[in-house]
Amino acid sequence: MKLFITPGSPYARMARIVVIEKGLEQRVEIVPAQTRITDSPYYRINPSGRVPYLVLDDGVGLEESALICDYLDSLDGKPAFGLPAGDKAWEARRLEGMARSLMDGLSVWSRELGRPENERSPGVILHEMRRSERITDAWEREIANPLMHSGFNLLHLTLACALGLEARIPDFRWRTGHPGLREWLERIAARPSFAVTAPPR
């Protein structure tokens, strides 16, 4: 299988971490994709141009990070990254939605910073900065939730990769005033899979 990624994408990082955590390095080839350029050869593989994109052995492609993570997690018949079920399911999905909102907003901010300086929108940057402040404040209150301290699943993966975007967004200074969140991420960051997939600064 081939997993198309860009090194700075938090969504692709999620899939890369699952590859490592599940010991799939020999089954999944990591392929850097050229995105956001005119006529990239990658667009013939994935018309949307998004990453991650997993091409299976039969040529079928999977897009969307949660789907890809679920698929990779299931390959050994022992899925471990799924969200809790039963009476904890809705709470887990609520928290995962909060983590995804943070990641989505930060990704917009990061892409805006990737534009030439004279093409950046100060309004968009300010909006996403303020959004990130509100959400990280909310996460400081939520991080004590028992669901954030059991196992290592899609919820934890999403939040950790979102917070990891501090490497690409200099003004995303979430650590100040968030000791609980900082301590939580430090535990996740100690995992070899998290260190190996760190985004370029």
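No value in this document is a laboratory result; all are computed from the given coordinates. Model, not experiment: these values are computed from the prediction. Neighbour counts run over all protein chains shown; Cβ positions are idealised from the backbone, glycine included.
Return L95, L102 ranked ascending by Cβ neighbour count within 10 Å, so the fewest neighbours appear first.
Fewest-to-most ranking of L95, L102: L95, L102.
Would you look at the GNM of the chain, springs on alpha carbons closer than 10 Å, and say which of D104, D137, D58 moves the most?
Top of the fluctuation ranking is D58.
What ranking do T35, T176, T136, T158 get, fewest neighbouring Cβ atoms within 10 angstrom at the top? Kindly include the intermediate steps, with their values, before the conclusion.
Numbers: T35 17, T176 8, T136 21, T158 25.
So the ranking, lowest neighbour count to highest, is T176, T35, T136, T158.
Taking a cut-off of 16 Å between Cα atoms, list the lysines near K22, but don't count ones fewer than 8 places away on the same chain.
Filter leaves K2, K78.
Counting helices only, and only those DSSP H runs with n ≥ 4, report the 222 nm mean residue ellipticity of the chain as the sum of -39,500 (n - 2.57) divided by its residues, in deg cm²/dmol to the nearest 500.
After summing the helix terms and dividing by residue count, I get -15000 deg cm²/dmol.
Using a 10 Å cut-off around each Cβ, can you sort V124, V196 from fewest to most neighbouring Cβ atoms?
In increasing order of surrounding Cβ atoms, one gets V196, V124.
Test of understanding: what is the full-extension gain from D87 to H127, defined as 0.36 nm times their sequence separation minus their Cα-Cα distance?
Contour length minus the Cα-Cα distance gives 10.9 nm.
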